[in-house]
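I have placed the structure first, in the form of structure tokens, so that the comments after it can refer back to it.
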Amino acid sequence: MSIRKIITFPSEILEQPCKPVHAFDKKLGKVLNDMYETMIEFDGVGLAAPQIGLDLQIAIVDIEDESGTIEMINPKIIETSGEQTGPEGCLSFPELYGEVTRPNYVKFEALDRKGKKYVKEVEGFLARAVHHEIDHLNGILFTSKVTRYMKEEELEGVEE
Ligand code: CO
């Protein structure tokens, strides 16, 4: 595995929809392993492929709960409900935090690294992280949803 360079804003690749993955091969496994290592290195709870310069619909989320690492390839949101408002950050925007409203429940389908389809329901902070990463794959950045930027002293314990 290796740690990849994080692409920070502004960069064209962060603001365009990514292409679907068609090859479920060793190379994809390596990308996912590298993304995991990179996310851990930079203390994130999620990472999308465009953030390491890849124009592909690949994202991972790991909020260190019992769900473990969620690998999402070509994900599609099936259903959302509820609302949650809270602080959010992004590895592509170092030291920038803001309040974002997202659904409190997200049901999505995606493929795993072997190309097998699964459906998953997530809630609360995990739903926030999944929604944030799927947004990345559609070229949508959290800054387009921030209703209020936050000062550092308001941010005790906020994860990116
Ligand atoms: Co992000």
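Every number in this text was worked out from the coordinates using simple rules, so none of it is lab data. This one's a predicted model, so the numbers in the text were calculated from it and none came from an experiment. No Cβ is skipped: glycine too gets one built from the backbone with ideal geometry, and neighbour counts run over all protein chains shown.
Some values worked out for this structure:
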{"read-out": "Residue-wise HN-Hα coupling along region 27-37, computed from phi with Karplus coefficients 6.51, -1.76, 1.60 (Hz; x: Gly, Pro)", "value": "4, 5, x, 5, 4, 4, 5, 5, 4, 4, 4"}
{"read-out": "Count, lysine Cα pairs under 15 Å in region 60-146, 8 or more residues apart or across chains", "value": "6"}
{"read-out": "For the chain, calculated [θ]222 nm from helices alone, where every DSSP H run of n ≥ 4 adds -39500 (n - 2.57)", "value": "-6000 deg cm²/dmol"}
{"read-out": "Ranked list, fewest to most other Cβ atoms within 10 Å of each Cβ, for C90, C18", "value": "C18, C90"}
{"read-out": "Residues whose placed amide H lies under 5 Å from that of V21, excluding near-sequence neighbours", "value": "Q57, N74"}
{"read-out": "Whole-Å distance, taken between Cα centres, linking region 33-55 and region 140-156", "value": "20 Å"}
{"read-out": "For region 112-128, Karplus couplings with θ = phi - 60° (6.51, -1.76, 1.60), whole Hz, Gly/Pro x", "value": "8, 5, 9, x, 8, 6, 9, 10, 9, 10, 9, 9, x, 4, 5, 5, 4"}
{"read-out": "Choice from E15, E109, E95 with maximal GNM fluctuation in the chain (Cα, 10 Å cutoff)", "value": "E95"}
{"read-out": "Backbone HN-Hα couplings from phi across region 41-54 [Karplus 6.51/-1.76/1.60, Hz, Gly and Pro as x]", "value": "4, 9, 6, x, 10, x, 7, 10, 3, x, 5, 10, x, 10"}
{"read-out": "Built amide H within the under 5 Å cut-off of Q84, gap 5+", "value": "R102, N104"}
{"read-out": "Estimated FRET transfer efficiency (S11, E66; beta-carbon r; R0 45 Å; 0.05)", "value": "0.85"}
